[in-house]
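Q: Provided herewith is a single structure, encoded as C-alpha cells, for subsequent inquiry.
FYI, it's all coordinate maths here, none of it is from the lab. Being a predicted model, the structure only gives us computed values, none of them experimental. As a convention, Cβ positions derive from the backbone with ideal geometry for all residues, glycine included, and neighbour counts pool all protein chains shown.
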Amino acid sequence: MEGILSASYHVCPTGYNFQFDSTFMYLMAGLLMLKIYQLRHPDVNPHAYTAYIFLSLTVLIEVVGVYVQTIYFWILFAILYVIATLYFTSHMYYMGVISLDCGDILSDIALLQDRLNDQPEAPFTWTGFVFLVLVEVLNFAAAILGVVFQPGDFPSFLLAVFLINLLAYFAYYVIMKFIHGEYPYPITIFCGILTMVTWICALYFYFSTVTNWQLPAAQSRTKNTDCLVLDFL
C-alpha cells in the first residue's frame, strides 16, 4: 500500500497528493516507536485500538494542515501537540500509572490527583529523567517553530516530528542497553551499519531537489538533471 500511494505522488507530484506518500511514513514511525516501547514495557503497552486511533487522528490533522494554512490552525496544532507530549512523557515517567488507553483518560486524571495528594514517588532514574526532559524540549521547540515560521509543507513538518522522536527514542533504547551491559551481537552491528549506509544514500537522494511540486510543471522541469543511477532517465 505504501508503494502504491507513494507512486501516486511521484508520478505527478503536487502539494495535495504528497499526503498519500507521507501517511504510511507516520504509521511506520509510530508503530516502530510503539514496538520499541513494547519490548521494554509489555505490561503497560497501549491497546491496538488506542494506537490506531492516535495514528488516525494524526492523519486527520495532516489532511487539515494541507488545506488550512492559517495562524489559528498552527496555534491549535501547537496546543494539541504540547498536551500530547506531556501526556506521553507522564505515562513513561510514572511507568503506566497514567494509562495510554482512551477510555481511561478521565480515571487517570482522578488517579493522578489522588497520587499527587498522597505525594507518590515516581520510579525516578537520572537517565529516564534526562531523556524525557530532552524529548519535551525538542517537541516544545518544534511546536513553537511551527507557530512562528508556519512552514507551507505541513506533511513534511509533521513527518520530521515523527522521525525526530523515533530516532531520539531509538538512541535512548540503544544507550540504555549499553548502560545495563546488554551488548549487541556481531550480526546486529553489521545490520546496523548497513542500515545507516542505506539511510545516508536515501537521504542524499531525498534532499536532491531535482523537482519542485510547488512550481508549475514547466518551471519544475528546469530543475531536472541526468539520472545518477544506471542512466534510467
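Q: Once you have the Cα-Cα distance between residue 204 and residue 150, take 0.36 nm times their residue separation minus that, and quote the gain in nm to one decimal.
A: Full extension of this stretch gives 16.9 nm more.
Q: Quote the FRET efficiency, to the nearest 0.05, computed for residue 56 versus residue 178 with a Förster distance R0 of 30 Å and r equal to the Cβ-Cβ distance. Can you show the working numbers first?
A: Details: r = 36 Å, r/R0 = 1.20.
The value I calculate is 0.25.
Q: Once label points are set 7 Å from the Cα along Cα→Cβ at both residue 31 and residue 70, what is their separation, rounded to one decimal in nm?
A: 3.6 nm
Q: Given axes a ≥ b ≥ c from the Cα gyration tensor, I'd like to know whether the range 33-91 is rounded (a/c under 1.5), prolate (a/b larger than b/c) or oblate.
A: prolate
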